[in-house]
Structure formats: C-alpha cells, structure tokens
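Data first, discussion second: the structure below is written as structure tokens.
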Amino acid sequence: MERSYMKKGISVLFFLIFSTTTTFAQDSNYWANQYGSRSALMGGAVVGGVRDTSAGYYNPGALGFIEDSSISVSGNAYTFSSTDLTNGAGTGDDLSSDNVQAIPTLLSGIVKIEGAPDHSFGYTV
C-alpha cells in the first residue's frame, strides 16, 4: 500500500518538474503604455511617486495626496512596429515580426469638494 502512494507521488513530482514552461508578463518587462503627462515624460516610472490624475491607473492610493483639482484626457493612438533579425535563430535563419497595436484612451480627473477640504472625488475611465 505504501509503495503505491510512493510511486504515485514520484510520478506526480516528475510530471510537475518536466511540465513547467517559461512565461513572460509584459513581454520581457517592457511597459510601453504611459498615461498622464508626467508618466509619459518619465517613461512610466511613476508608480510610487505619481501625483497627477494618472494615479487612478498607476497607484489609486496616491489619489489622496493630490492637492488641486485637475483633469487629464488622452487619445487613442495606433502603432505599427516591424522587426527583422538577420540570422536571429542561427546562421541562415532570419526572424521577422510585424505588430499593430492600439493604445487605449484615458479620461481621469480629481475634483476637490468645497466645504470639505480633506475630501475629493476622483475618477478614471
């Protein structure tokens, strides 16, 4: 009886070890979409220090630190990228990739509430 459990356990262990694969989130850690003027100028490196309306996207907890009313609107943009790598997969094996991507819009704002200085209304669409 114990041998049967041990064989099953070893079989499951080998299955788990040899069935794993590598996956990539955000395609090799490159984040191409930036929202808000400050984020666009800083290449998206604003998660901890964002202090404009794009905080609704990057770090909603930072919305409480914004002191002035403001609004931000960004439009839709489309990108096309083409990559050709000569000998990218070895000698004589060229690689190529064409990619069309739509970058979404963002409408966000902060409205300070009169008569309640410690309160504000924030929205992100």
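Every number here is computed from the coordinates shown, using simple stated rules; none is lab data. Quantities reported herein were computed from a predicted structural model and do not represent experimental measurements. Counting neighbours? That spans all protein chains shown, and the Cβs are built from the backbone with ideal geometry, glycine included.
Measure nothing but the geometry: give the 0 to 90° angle between the long axis through the Cα atoms of 2-18 and the longest principal axis through the Cα atoms of the chain, rounded to 10°. Tilt of helix 2-18: around 60 degrees.
Label positions at THR21 and ASN99, each projected 7 Å from the Cα along the C-beta direction, are separated by 1.8 nm.
Set against the labelled values (i) 2, 11, 21, 24, 21, 12, 6, 2, 0; (ii) 2, 9, 12, 13, 11, 9, 8, 8, 8, 7, 6, 5, 3, 1, 0; (iii) 2, 11, 23, 27, 23, 12, 2, 0, P(r) over Cα pairs in 5 Å bins from 0, in percent computed from this structure falls on (ii).
Dipole magnitude for segment 63-125: about 200 debye, using +1 per Lys or Arg Cβ and -1 per Asp or Glu Cβ, origin at the Cα centre.
Coupling constants for segment 64-74 follow from the phi torsions by the Karplus curve (6.51 cos²θ - 1.76 cosθ + 1.60, θ = phi - 60°), and in residue order they are x, 9, 7, 9, 10, 5, 7, 9, 9, 10, 10 Hz; glycine and proline get x. Couplings for segment 110-125, taken from phi via the Karplus curve 6.51 cos²θ - 1.76 cosθ + 1.60 with θ = phi - 60°, read 10, 10, 6, 8, 5, x, 9, x, 8, 10, 8, 10, x, 9, 9, 10 Hz in order; Gly and Pro are left as x.
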